[in-house]
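K.L.:
I have a structure I would like to understand better, so I am pasting it below and will then ask my questions one at a time.
The values are calculated or read from the model by the stated rules, or taken from the named source; none is laboratory data. Model, not experiment: these values are computed from the prediction. Cβ coordinates were reconstructed from backbone atoms using ideal geometry, including for glycine residues, and neighbour counts include every protein chain displayed.
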Amino acid sequence: PPAPATAVRDAFLSFFRDRHGHHLVPSASVRPRGDPSLLFVNAGMNQFKPIFLGTVDPRSEMAGFRRVANSQKCVRAGGRHSDLEDVGRDLSHHTFFEMLGNWAFGGEYFKEEACSMAWELLTQVYGIPEDRLWVSYFGGDPKAGLGPDLESRDIWLNLGVPASRVLSFGPQENFWEMGDTGPCGPCTEIHYDLAGGVGAPQLVELWNLVFMQHNREADGSLQPLPQRHVDTGMGLERLVAVLQGKHSTYDTDLFSPLLNAIHQGCGAPPYLGRVGAADEGCTDTAYRVVADHIRTLSICIADGVSPGMSGAPLVLRRILRRAVRFSTEVLQAPPGFLGSLVPVVVETLGDAYPELRKNSAQIANLVSEDEAAFLASLQRGRRIIERTLRRLGPSDVFPAEVAWSLSLSGNLGLPLDLVELMLEEKGVQLDSAGLARLAKEEAQRRAQQAEPVHEQGLRLDVHALGELQRRGVPPTDDSPKYSYSL
Ligand code: ATP
Ligand code: MG
Ligand code: MG
Ligand code: MG
């Protein structure tokens with residue numbers, strides 16, 4: 001029988017500890033410590049940033065790290081690597097996932113050893129057939145004055161990968177950066193062919209091996225790091241899917257208990273794994289969104305990030321509301337349903353991350369309270385819309401002031417796109433010009449307050465403005481960098 005996820009995770013860690021002398025370190029919290037450039041921890045390397053930059057306190061334990069490995073809790077919702085928009089729509093991206101990684105600091109080992117260890121683990125320990133694996137390497141970036149990484153290419157060829165499965169790509173794919181600033185470098189990646197040699201390859205990215213050599217400065221320039229390092233990351237969910245013979249991370253034992261619980265708790269038709277147009281009525285998408293989001297909520301709350309009004313807490317609030325909408329509106333979940341999934345998350349992840357078990361009751365309570373508050377806001381919003389509609393003539397547009405007051409910046413905290421959806425359901429047009437004016441005034445008001453807005457709540461108003469822009473209303477801010485929509 002295929003190995004359960006727990007065994008796959010353990011095998012990774014013991015491979016690096018027992019066969020290759022790595023020191024195992026626990027996952028850091030998903031809340032970045034002292035790094036305002038991040039909303040959430042988005043990769044295993046985040047906690048080692050001081051080592052890469054050469055700023056580590058020489059008295060700290062970290063100063064002694066040479067070879068380490070771990071399984072890091074990562075959240076990619078907001079910021080450079082955000083996947084929030086894709087989650088639910090595909091079968092391989094999550095807002096929370098576990099990143100298995102190994103590191104070699106200060107040249108302890110470099111490209112050759114990193115590639116051969118990865119190849120040994122995948123093909124000999126996990127037993128993945130070599131002919132299902134493809135690799136990519138950095139093809140260079142003339143604009144940045146960076147040449148191709150032919151060293152990595154040759155290492156793969158020497159390991160026996162045929163040239164037809166060793167491909168080069170540009171900086172978009174094969175130059176990894178943690179954020180808009182910070183450590184970065186060329187990378188080489190291992191992909192798995194789901195199609196199994198039948199017809200065109202259907203590749204899913206498994207493992208990224210980054211060779212940290214530069215720091216991206218605030219002015220966009222690249223500066224050399226004091227030393228070179230290896231930084232790797234492999235998604236546990238994808239690896240488990242491959243080893244369990246599945247095309248989807250949702251078909252593994254990391255997700256199936258959740259999908260079952262959703263089926264049982266909602267009475268919706270069973271999960272069938274359909275995507276895109278085939279998923280008529282979005283039932284399967286809703287299953288995936290709810291399963292994904294409750295994991296993220298549980299992990300984040302256990303680490304002390306709760307849904308709130310700005311920054312990471314605001315992102316989490318949007319994640320919660322997205323989960324509530326999909327569960328109640330698509331899957332017909334009863335009130336209080338979301339909180340009832342928390343014990344299932346704790347059951348699957350609690351051994352690896354004991355903070356989940358420790359805080360399990362508090363997490364469930366918080367999720368339930370927030371769910372109830374959002375459902376109440378929705379109900380009040382609907383009543384206000386009804387009341388307003390009764391005052392309107394048949395050809396009137398819906399007043400911008402009312403929509404605004406329902407929205408995030410107003411009283412009920414209903415995102416504008418949701419308000420629009422509710423109006424669409426009623427077949428009524430919104431006064432979008434009026435709304436744009438209000439949004440602009442609000443943006444100006446906030447700008448005058450001159451509060452530091454980096455990754456703060458204002459981002460969401462920027463998103464609202466982006467929405468207006470989409471509808472042809474002139475923009476007042478052209479950088480909707482972090483966009484989330486319900
Ligand atoms: P993709 O191209 O699939 O979005 P990525 O290039 O953004 O992945 P990396 O930043 O290279 O990913 O992260 C290292 C590994 O982490 C990936 O190879 C993949 O296995 C895993 N991973 C990345 N993003 C996600 C996600 N949203 N959900 C699950 N696993 C992920
Ligand atoms: Mg990505
Ligand atoms: Mg990629
Ligand atoms: Mg990658």
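K.L.:
Only one of these conditions is not met by Val41: (1) buried (at least 21 other Cβ atoms within 10 Å of the Cβ); (2) outside any loop (DSSP other than H, G, I, E, B). Which number is it?
P.N.:
The failed condition is (2).
K.L.:
If you go through region 204-237 one residue at a time, how many are within 16 Å of ligand 2 (Cβ to nearest atom), out of contact with any Pro (no Cβ under 9 Å at 6 or more places or on another chain) and either modelled with pLDDT under 95 or closer than 15 Å to Gln72 by Cβ (or both)?
P.N.:
8
K.L.:
If you go through region 99-109 one residue at a time, do you hit one that is assigned to a strand (DSSP E or B), within 16 Å of ligand 2 (Cβ to nearest atom) and of a type in the set (Phe, Trp, Tyr)?
P.N.:
no
K.L.:
Something else now. Evaluate region 48-66: report whether one residue or more is within 18 Å of Thr95 (Cα to Cα) and part of a loop (DSSP other than H, G, I, E, B). Steps first, answer last, please.
P.N.:
As a first pass, look at region 48-66 and keep what is within 18 Å of Thr95 (Cα to Cα): none.
No, every residue in region 48-66 fails to be within 18 Å of Thr95 (Cα to Cα) and part of a loop (DSSP other than H, G, I, E, B).
K.L.:
Okay, next question. Can you find, within region 75-86, the residue that is nearest to ligand 4 (Cβ to nearest atom) among those that are at negative phi and surrounded by 23 or more Cβ atoms within 10 Å (Cβ to Cβ)?
P.N.:
Restricting to residues being at negative phi and surrounded by 23 or more Cβ atoms within 10 Å (Cβ to Cβ), the top hit is Arg76.
K.L.:
Continuing with the same structure: Is it the case that region 405-417 has a residue that's touching a Gly at 6+ places or on another chain (Cβ under 7 Å), under 19 Å from Val324 (Cβ atoms), outside any helix (DSSP H, G or I) and not assigned by TED's automatic domain parsing to the domain that holds Arg322? Write out each step before concluding.
P.N.:
Going residue by residue through region 405-417, those that are touching a Gly at 6+ places or on another chain (Cβ under 7 Å) are 406, 412, 414.
The next check asks that each one be under 19 Å from Val324 (Cβ atoms); those that pass are 406, 412, 414.
Subsequent filtering for residues that are outside any helix (DSSP H, G or I) retains 412, 414.
Right, trim to not assigned by TED's automatic domain parsing to the domain that holds Arg322 and you get 412, 414.
Yes: region 405-417 contains one or more residues that are touching a Gly at 6+ places or on another chain (Cβ under 7 Å), under 19 Å from Val324 (Cβ atoms), outside any helix (DSSP H, G or I) and not assigned by TED's automatic domain parsing to the domain that holds Arg322.
K.L.:
List, please: which pairs have Cβ atoms under 6 Å, are six or more places apart or on different chains, and start with a residue in region 214-236 that is in the same structural domain as Pro183 (by TED's automatic domain parsing) and without any contact (Cβ under 8 Å) to a residue 60 or more places away in the chain and end with one that is within 16 Å of ligand 3 (Cβ to nearest atom) and of a type outside the set (A, V, I, L, M)?
P.N.:
Note: pairs meeting the criteria are His214/Cys184; His214/Gly185; Arg216/Glu177; Arg216/Cys184.
K.L.:
From the residues in region 182-201 that are touching a residue at least 60 places away in the same chain (Cβ under 8 Å) and touching a Lys or Arg at 6+ places or on another chain (Cβ under 7 Å), which one is farthest from Ala218 (Cα to Cα)?
P.N.:
Step by step, filter region 182-201, then rank; the result is Gly196.
K.L.:
Considering (1) out of contact with any Lys or Arg (no Cβ under 8 Å at 6 or more places or on another chain); (2) under 28 Å from Glu280 (Cβ atoms), say which one Gly79 fails and leave the rest.
P.N.:
So Gly79 meets the others, but not (2).
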